[in-house]
Amino acid sequence: MILVDAALKAREAAGTPVRVGLVGAGFMVQGLANMIVNSTPGMRLVAISNRHPDRASRVFKYAGQDPVMADSAAAFEQAASAGRPIATDDPSLICRSPHIDVVVEVTGHVDFGLHVTLDAMSHGKHVVLMNAELDATLGPILQVYAKRHGVLLSACDGDEPGVQMNLYRWVKGLGLTPRVSLGEYTLMPSISHQGRFVLTVGLLRAGSTGQVTSSSETKISFDKLREWNIPLTWDEALRHGYQQPPRLVTCDARLASHKPNRCHRCAVVVRGQSGRD
């Protein structure tokens, strides 16, 4: 982080800050916007997009700025050229503006976030995902598109995936080889939803007993996944050339129809109801 701070200070001194556009205006964006505006020299928050632009405006005001509303490319570019913060309901204005270097996707929606990410990358923008649902579902595929467009696709530090990546990096730095990664994010196939089979991207938060205490789900129909040519099983994925990921202990024997104390996918012994390994 010392290297990053030094690089950002150098950009601030040179008058070339990293210009950021945020898509979404929820709680996470409020904190991120406040940090960029008030605590991060070398970065400038150019615009926030939300389907309710008044919420984007409130985020700016929370950070101490008074934004202008923009509903067209001309109005957006005029305000950006003048250095005015911008609130809008059209994320494409952020994705396509020459006044934006990095787009941060913070909506938590898979389908919407996918289109925003692809639009941004196709217009030469680097993308940071604070969208665990999209990252867990399509992250490896989006990396292919990022490389194709010559841009960077990244997770964010501070949220669980970024913290886990830093822990993995630290263990590697010790000269050790990480073998198992523990995390609270997992993909679980559900039964059916309104008569259609779906893939449930569940954010499962388990207590020390393994009981799920809360969950947030995004449901995508199998038809939509087929439309995107996304493999639905690891057998299909391997046939399509995907690499099988490291074995992850992310399940509990009671949460799915696994064999007692053993996950059928990762073949690693997991903690069962009795509490014994």
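Derivation of every value follows stated rules applied to the coordinates shown; laboratory data play no part. In this text the structure is predicted, and so the values were computed from the model without any measurement. All Cβ positions, glycine included, derive from the backbone under ideal geometry; neighbour counts span all protein chains shown.
Using a cut-off of 12 Å between beta-carbons, work out the net charge of the residues near His123 (Lys and Arg +1, Asp and Glu -1, His123 not included).
Result for the neighbourhood of His123: 0.
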What is the sum of charges, Lys and Arg at +1 and Asp and Glu at -1, for the other residues whose Cβ falls under 12 Å from the Cβ of Glu12?
+2
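Calculate the tail of P(r) for the range 2-161: the fraction of all Cα-Cα distances greater than 24 Å, expressed in %. Display every interim value, and only then the final one.
Working: 3675 of 12720 pairs.
Percent of Cα pairs beyond 24 Å in the range 2-161: 29.
Would you kindly state how much longer the chain becomes between Ser81 and Lys61 on full extension, computed as 0.36 nm times their sequence separation minus their alpha carbon distance, in nm to one decimal? Let's see the in-between values first.
On the way: separation 20, 0.36 × 20 = 7.20 nm, distance 2.02 nm.
Between Ser81 and Lys61, full extension yields an extra 5.2 nm.
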How many nm separate the modelled label positions at Asp111 and Ile2, each set 7 Å beyond the Cα in the direction of the Cβ?
4.9
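Between Arg148 and Met35, take the C-beta separation as r, use R0 = 45 Å, and let me know the FRET efficiency to the nearest 0.05.
Numbers: r = 31 Å, r/R0 = 0.69.
E(calc), rounded to 0.05, equals 0.90.
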Can you work out the Karplus-derived ³J(HN,Hα) for every residue in the range 83-92? Use 6.51 cos²θ - 1.76 cosθ + 1.60 with θ = phi - 60°, whole Hz, and x for glycine or proline.
x, 8, x, 10, 10, 8, 9, 10, x, 5
A correct fewest-to-most ranking of Asp111, Asp119 by other Cβ atoms within 10 Å would be Asp111, Asp119
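Could you grab the relative contact order for the range 30-123? Cα pairs under 8 Å, six or more apart, rounded to a whole percent. List each step's numbers first, then the result.
Values: 125 pairs, mean separation 24.2, N = 94.
Reported as a whole number, the value is 26 percent.
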Quick query: amide H of Val68 versus all other amide H atoms, modeled in the peptide plane; which residues come in under 5 Å with a sequence gap of 5 or more or a different chain?
Ile86, Ala87
Please find the FRET efficiency linking Ile141 to Met165, where r is the Cβ-Cβ separation and R0 is fixed at 25 Å, and quote it to the nearest 0.05.
0.85
Along the Cα-to-Cβ line of Lys9, 7 Å from the Cα, sits a label point; which residues in the range 19-49 have backbone N less than 19 Å from it?
36-44
